[in-house]
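First the structure, in the form of structure tokens, and then the observations on it.
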Amino acid sequence: MLFDLPDHDTLYRALIDRDDRYEGRAFVCVATTGVFCRLTCPARKPLAGNCSFHATIGECIEAGFRPCKRCHPLQPAAAADPVIAALLAALDERPERRWSEGDVARLGFDLSTVRRSFKRHFGMTFIEMARQRRLREGFETLALGGSVIAAQQEAGFESASAFRAAFARLIGRAPGELTGRGLLLADWIATPIGDMLSLSSASQLHLLEFIDRRALPTELGKLAALAKGEIGIGSYAPTEQIRAELGRFFAGKSAEFATPLALHGSAFTRAVWAELRQIPPGETRSYGEIARRIGQPAAVRAVARANGANQLALIIPCHRVIGADGALTGYGGGLWRKQKLLDIEQQFARAAPAA
């Protein structure tokens, strides 16, 4: 878990001091560069608000960060396991390659051994690592103003249609629909529990969702219709504000979100969302309780539908709603994320009396 580590301030001081006591036990992810490092990295130190800390390399990669080219955080695992060393070298040599298990086998490696080794050291398979690296490179090329063709080449796809399909599966929209400037801008936000997509106008945040949420393509389609197709890639002020607030949340510093929001829903749905925002971090409510609190005790199913229609994850905390029997219920980001968020928020609940 994220908070098995020392607190954020302790780890940030260790980063500033290049304290080798945390070597192999903690890694820093830097939001402004998209890379993760050892705490002993010689590179220029980032601001504390741009840092999040994780106990494993796998958590850093799953959160969408790339290994630093100065401190090489993957090196210890490579040195300890020749299989990992060889495959990481092959990935560095051909990052654009569409790696498959057949490729790994042709290099003379046993597939089950490779899976176990990568899972043990990184929490993901070699194929998953390679795929995420390629698609992230493609997104960043588009975000920097590159063409779809350049992004396709950067991501290592020979076929334009294959790149469009993979990109659409990842964020719900084809790359050609997310280029240039627009009324709404989409941006990629890495978090310790997975990458998120934000969509904001110049004044409000319209969407914040985990990239693997199944409803994301539908949500983006509705917003695209409202914006008359004018969706681009980039960052407006609300996206930068929520990025900073998420950083403080996952650093254990604050569970407050003040980013201005655009709420796309009926009056009833907005009433449910407003009630969700009244649930303190570390506490939960049932659907029935929410229905009673908004004065419509018979509308339990409608409350559940409004909960599921939320497209501002974490900010409107639908993860704090559980079944009447206390069991976790459906969550668009996955029940494992719901449990992690509730676990993380226990820290804020414990700190509340002292505050």
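Here is a list: G108, G102. Which entry is part of a helix (DSSP H, G or I), modelled with pLDDT of 85 or more and loosely packed, with under 14 Cβ neighbours inside 10 Å?
None of the other options fit; the residue is G102.
Take L314 and decide whether it is crowded, with 18+ Cβ neighbours inside 10 Å, in a loop (DSSP other than H, G, I, E, B) and in contact (Cβ under 8 Å) with a residue 60 or more places away in the chain.
Considered against the rule, which asks whether it is crowded, with 18+ Cβ neighbours inside 10 Å, in a loop (DSSP other than H, G, I, E, B) and in contact (Cβ under 8 Å) with a residue 60 or more places away in the chain, L314 comes out as yes.
Condition first: touching a residue at least 24 places away in the same chain (Cβ under 8 Å) and out of contact with any helix residue (DSSP H, G or I) (no Cβ under 9 Å at 6 or more places or on another chain). Now tell me which residues in the stretch 222-240 satisfy that.
Correct list: K222, L223, L226, A227, K228, Y236, A237, P238, T239.
Can you name the number of the only condition in (1) touching a Lys or Arg at 6+ places or on another chain (Cβ under 7 Å); (2) surrounded by fewer than 16 Cβ atoms within 10 Å (Cβ to Cβ); (3) aliphatic (A, V, I, L, M); (4) under 18 Å from R131 (Cα atoms) that I16 fails?
(4)
Checking A349 against (1) touching a residue at least 60 places away in the same chain (Cβ under 8 Å); (2) among the aliphatic types (A, V, I, L, M); (3) part of a loop (DSSP other than H, G, I, E, B), which test does it fail?
If we test A349 against (1) touching a residue at least 60 places away in the same chain (Cβ under 8 Å); (2) among the aliphatic types (A, V, I, L, M); (3) part of a loop (DSSP other than H, G, I, E, B), just (3) comes out false.
What is the number of the single condition among (1) touching a helix residue (DSSP H, G or I) at 6+ places or on another chain (Cβ under 8 Å); (2) over 30 Å from R350 (Cα atoms); (3) without any contact (Cβ under 8 Å) to a residue 40 or more places away in the chain that I211 does not meet?
Evaluating I211 over (1) touching a helix residue (DSSP H, G or I) at 6+ places or on another chain (Cβ under 8 Å); (2) over 30 Å from R350 (Cα atoms); (3) without any contact (Cβ under 8 Å) to a residue 40 or more places away in the chain leaves (3) as the failure.
List the pairs whose first member sits in the stretch 1-22 and is outside the structural domain of K340 (by TED's automatic domain parsing), whose second member is assigned to a helix (DSSP H, G or I) and at pLDDT 90 or above, and whose Cβ atoms are under 6 Å apart, counting only residues at least 6 apart or on separate chains?
Sorted first by the residue in the stretch 1-22, then by its partner, the pairs are Y22/A14.
Assigned to a helix (DSSP H, G or I) and either within 27 Å of S198 (Cα to Cα) or not basic (K, R) (or both): which single residue out of A274, A324, A298 fits that description?
Only one candidate passes the filter, namely A274.
Hey, does the stretch 38-45 have a residue that's crowded, with 21+ Cβ neighbours inside 10 Å and within 23 Å of the chain's Cα centre (by Cα)?
yes
Identify, please: which residue in the stretch 82-99 is buried (at least 16 other Cβ atoms within 10 Å of the Cβ) and more than 18 Å from P67 (Cα to Cα) and is, among those, modelled with the lowest pLDDT?
Ranking the qualifying residues of the stretch 82-99, first place goes to R98.
Which one of the conditions (1) within 19 Å of the chain's Cα centre (by Cα); (2) modelled with pLDDT under 80 does G232 fail to meet, given that it meets all the rest?
Just one mismatch for G232, condition (1).
Please enumerate the residues belonging to the stretch 327-346 that are of a type in the set (K, R) and in a loop (DSSP other than H, G, I, E, B).
none
The values are calculated or read from the model by the stated rules, or taken from the named source; none is laboratory data. Keep in mind that what you see is a predicted model, and the values were worked out from it rather than measured. Please note: Cβ atoms are built from the backbone with ideal geometry, for glycine as well, and neighbour counts cover all protein chains shown.
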